[in-house]
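Colleague: Can you read through this structure? Questions will come right after.
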Amino acid sequence: QWTFVNGMESPVSIFLFGTLAWLLVNRGLLAGATTPSIAARVAFLLSLLTLSRLDDVFLFLPFGVWLALRAPTRSVLIRAGAAGIVVPLLLVGGYLLFNLSYAGAALPSSGSEKAGGLIDGLLRNGYGVITTLFPTLDVRDPAPAVWADETWRLAQMLVPATAALFWLMTAGRRLSRSFTDETAYHHALLCCFSAYVLIKTAYNFFLVGLWH
């Protein structure tokens, strides 16, 4: 049965996510003000995650906003921003350039095959969602109407996205306290991860062929 935690890149990705979560929660990596050193360390961890699975590049967006908002001065913001850009450019950019020189394409063939346009992706995946949840509506497939592997794949995408959306919609009152409050810090971290989940889900739904 299809699952998000089988072989391929999953063990490395899960290990790196665990490492990132441990550093953020147990070591308070982002609890203080932004510094170039912290920005470089966060960028390094996010680059490793992106190397294990390229569509995790969306992690840079919410955490980049976090680092920018927590910079105490414009000078620190510029230096931290430079560190946060240079690290992924070297690591992820170097990987893509190697792919391009070695295989003639920057992205892996599996990702390229599943890529699609906005309208095409919306129609294809929208139809797939409806007929996966309600298989009797699928006019193309005469097979018995049952929930199959695709249904669980869909649930593993939409259930986290729904939870993330709910968290962000109710996050205002949770973030009313200072980051010196450990609970508020943890809530803000969940906001970053929730934003990442929503961005990645939207990308997969609109631009990736989930059924191929």
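Colleague: Any number yet on Rg/Rh for the stretch 42-110, C-alpha, Kirkwood? Intermediate values should be presented prior to the final figure.
Modeller: On the way: Rg = 13.8 Å, Rh = 12.9 Å.
Taking Rg over the Kirkwood Rh, I get 1.07.
Colleague: Another question about this same structure. Which FRET efficiency, nearest 0.05, do Leu100 and Glu9 yield, Cβ-Cβ r, R0 30 Å? Present the calculation step by step, with values, prior to reporting the outcome.
Modeller: Details: r = 20 Å, r/R0 = 0.66.
Once the sixth-power term is evaluated, E becomes 0.90.
Colleague: Provide the net charge surrounding Leu30, with neighbours chosen by a C-beta distance below 12 Å and charges set as Lys +1, Arg +1, Asp -1, Glu -1. Walk me through the numbers on the way to the answer.
Modeller: Numbers: positive: Arg27, Arg41, Arg70; negative: none.
Summing Lys and Arg as +1 and Asp and Glu as -1 gives +3.
Any read-out appearing in this document is the output of simple, stated calculations on the displayed coordinates, not a laboratory observation. Bear in mind that the values here come from a model prediction, so they are computed numbers and not experimental data. No Cβ is skipped: glycine too gets one built from the backbone with ideal geometry, and neighbour counts run over all protein chains shown.
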